[in-house]
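Everything below concerns the one structure shown next.
We did not get these values from a lab; they are worked out from the coordinates using the rules stated. Worth saying up front: this structure is predicted, and the values here are computed from it rather than measured. Counting neighbours? That spans all protein chains shown, and the Cβs are built from the backbone with ideal geometry, glycine included.
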Amino acid sequence: MTEPSRTTIRQRLFAFLIAGLGGLAASAFSFSLAVYEAAHPPRTPKAVPGEQIDTGRWLVTLRSARSGTTPPTGIPPWKPTRLVMVDMDVVNQSATPSNLLSRAVTLDVPQAALQPPTDYLDRDKGLAGHFNPGMPERVTLAWEWPEGNPVPQRLNLTINGQIYKLRDNLYGASDWFDADAVATVELPVEQAP
Amino acid sequence: MVDPSAGIGRSHRGYWLSMAALVVALPAALAAQSWEDVRAWRAQHGREPVPAAVGQAIDYAGARWTVTRLTRLAGGQGHAVVLAEFEAATADPQAAGSSPCQVLLADGDGRTWQPVLFADPAVRKTYPEAEERSLCGGPAFAAAAPGKPALMAASFTVPASARDLTLSIAMLTALPAYLSVSEPRQ
Amino acid sequence: MTGMMRTALAVTFAAAALYALQHTRPLYSDITSPIVSWGGMGEDVEASAFRLSLDRVRVARTLNVETFGKTKPYTSSGVWVVAEGKAEAKFETLSLISGEWLSRRGVRYILTDRIPATIEMMPGDVYQPGLPRPLLLVFEMPPEAVNGGTVVVARSKLMPLDDEIRIATDASEADIEPALTIRRNEEGQPWSILPQG
């Protein structure tokens, strides 16, 4: 072993300083990046009804919105509730069937969160189950509107995208994960008695 | 400077000693970690049969059990239906009813059958009262009149060629002991 | 110099080995994938807990479901595939919940959930050891998925490393019938498949 020289201590202090400055610079950079992103949120593009929106897993084309007390089955429930229904065409683009369409199409409402909507298959006039890949279907999503809240004239819908990760961060499993919103659509609501 | 070759000899011996210790330590660590789980797993499976005959009252899981009937009927289409009727008399029906109960029919080859949910028409025709009995578990004990035993039944759909059938009734809290009743010889 | 070259070579070799390992690592779904037993149409395929055979696969554009005297038509943007077969549990009572159609391109289609459970299909049945019983699978898919499709049957969808039986079907896009009727029977075979509505 060689004897420690007098300059070693100064060298060590110098090394600490450099490392500290580097770490400080890194945290300052990440903080300012966060502030910048908060000040400039990404703009979600607007889409029009009738336009086909690619969410990654789904191809969604919104058609119309209406409100009424009769669900798409045609059978009024024993407890009448006001429903807001949105008609759309969907195609599942992934390789496995999915019944999570309500994650892709969400309603922007100012008041408290609504219950998740019910999917109805127009073809059967009944509840929709899984959507098989590559099969276009007409679907109606029906949200139960809470009592006392008036149904708005125009509905704002957000279409959320999903990405497919071959290896996720937890198990390394392959799955679809929620990504940023892909589009927002405004639909006029036809009021029915 | 220390003699380098002596150091190397010592570190070689230390290396092989550590490897030998690993052979012992690794299985010991595995055993210590999983001992409780293995014991719990073994306890969950019936391993100690409490033998009984049809009509014989026997104490098991804090109740007095009697298998009153274990018969085989001909079902349609090449299968047979085995009907088991049994009752349990206990001073504390609530406690008995809170433990899950598993009823199985096993044959000499190790195949097992679980009770069917809906009685076969052959059972309904020959033993209509059996339909009023519940499956083994909470509802049967709850439905028992105070002081009277809980009446239970289970029916199984088995191939007509099944032989050496034994009925096993297991209360989860009393495992690994379980009641074992053999089909009476015809 | 050779010392440095050897170090450089060792590092390169290590990097290459790590790269190869990283890129050939199997996916999680391959590691936990079920243990498959293969077979063809009409063959009795054995898995460790159950055995299955598929006797006939039919394809139609419209499916009519007849229960209790009433017929309800089911249309589709694709075609309906109806597979009939037999299954038997080997050692203990079990249910077969998961049935899928794997197309040649690797796309999966699950058993249809549009047909009511009054028609006895595979997920609603209980299989007893020693007693084979008839089995019905109904799928809905685009016509391109029919050719070379494989029927995949397992006890459950979620259990990793469970048994799975895959049967390569002889279904063909060329034999699409215009309509099929599935009729619920009160006795005997639980259903009958009748051609042409």
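In this entry, C:R183 passes the filter for residues that are within 19 Å of C:L63 (Cα to Cα), touching a residue at least 12 places away in the same chain (Cβ under 8 Å) and either among the β-branched types (V, I, T) or touching a Phe, Trp or Tyr at 6+ places or on another chain (Cβ under 8 Å) (or both). Considering segment C:123-197, the qualifying strands (runs of 3 or more DSSP E), each wholly inside and each with 1 or more residues that are acidic (D, E), run over C:133-141, C:163-168, C:176-184. Go through segment A:135-193 and give me each residue that's within 14 Å of another protein chain (Cβ to nearest Cβ), acidic (D, E) and under 30 Å from C:P26 (Cα atoms). Hits for segment A:135-193 are A:D168, A:D175. The strands (runs of 3 or more DSSP E) found entirely in segment A:77-193 that carry 1 or more residues being more than 17 Å from the chain's Cα centre (by Cα) and free of Cβ contacts under 8 Å to residues at least 40 places away in the same chain are A:118-121, A:154-165. Condition check for C:W101 on (1) crowded, with 18+ Cβ neighbours inside 10 Å; (2) aromatic (F, W, Y); (3) more than 14 Å from chain A (Cβ to nearest Cβ): one failure, at (3). Scanning segment B:47-68 for residues that are touching a strand residue (DSSP E or B) at 6+ places or on another chain (Cβ under 6 Å) and more than 18 Å from B:M152 (Cβ to Cβ) returns B:E48, B:P49, B:P51. Give segment C:98-154 a look and list any residue that's among the polar types (S, T, N, Q) and in contact with a Ser or Thr (Cβ under 7 Å, 6 or more places away or on another chain), or say none. The answer is C:S98, C:T118, C:Q128, C:N147, C:T150. Just one of the numbered conditions (1) surrounded by 20 or more Cβ atoms within 10 Å (Cβ to Cβ); (2) without any contact (Cβ under 8 Å) to a residue 40 or more places away in the chain is not true of B:E129: (1). Close Cβ contacts (under 6 Å, 6 or more residues apart or on different chains) running from residues in segment C:61-75 that are under 9 Å from C:I182 (Cα atoms) to residues that are hydrophobic (A, V, I, L, M, F, W, C) and assigned to a strand (DSSP E or B) comprise C:L63/C:W80; C:L63/C:L180; C:V65/C:I182.
Please go through segment B:104-121 and give me each residue that is more than 10 Å from chain C (Cβ to nearest Cβ) and over 18 Å from B:E85 (Cβ atoms), ordered by number. If the condition is that a residue be more than 10 Å from chain C (Cβ to nearest Cβ) and over 18 Å from B:E85 (Cβ atoms), then B:G108 is the only one that fits.
Kindly indicate the residue of segment B:80-103 that is surrounded by fewer than 20 Cβ atoms within 10 Å (Cβ to Cβ) and within 14 Å of chain C (Cβ to nearest Cβ) and also farthest from the chain's Cα centre (by Cα) among those meeting that condition. If we take residues in segment B:80-103 being surrounded by fewer than 20 Cβ atoms within 10 Å (Cβ to Cβ) and within 14 Å of chain C (Cβ to nearest Cβ), then B:A80 is farthest from the chain's Cα centre (by Cα). Applying a threshold of 8 Å to beta carbon distances and a minimum spacing of six or more residues, or different chains, the list of pairs starting in segment B:87-110 at a residue that is without any contact (Cβ under 8 Å) to a residue 60 or more places away in the chain and ending at one that is surrounded by 19 or more Cβ atoms within 10 Å (Cβ to Cβ) and small (G, A, S) reads B:P93/B:A144; B:P93/B:A150; B:G97/B:G137; B:G97/B:A140; B:G97/B:A150; B:D107/B:A162. Checked against (1) within 14 Å of chain C (Cβ to nearest Cβ); (2) of a type in the set (K, R); (3) out of contact with any Lys or Arg (no Cβ under 9 Å at 6 or more places or on another chain), B:R124 passes all but a single condition, namely (1).
Considering only segment C:70-92, state which residues are basic (K, R) and farther than 19 Å from A:D124 by Cα. Passing the criteria: C:K86, C:K90.
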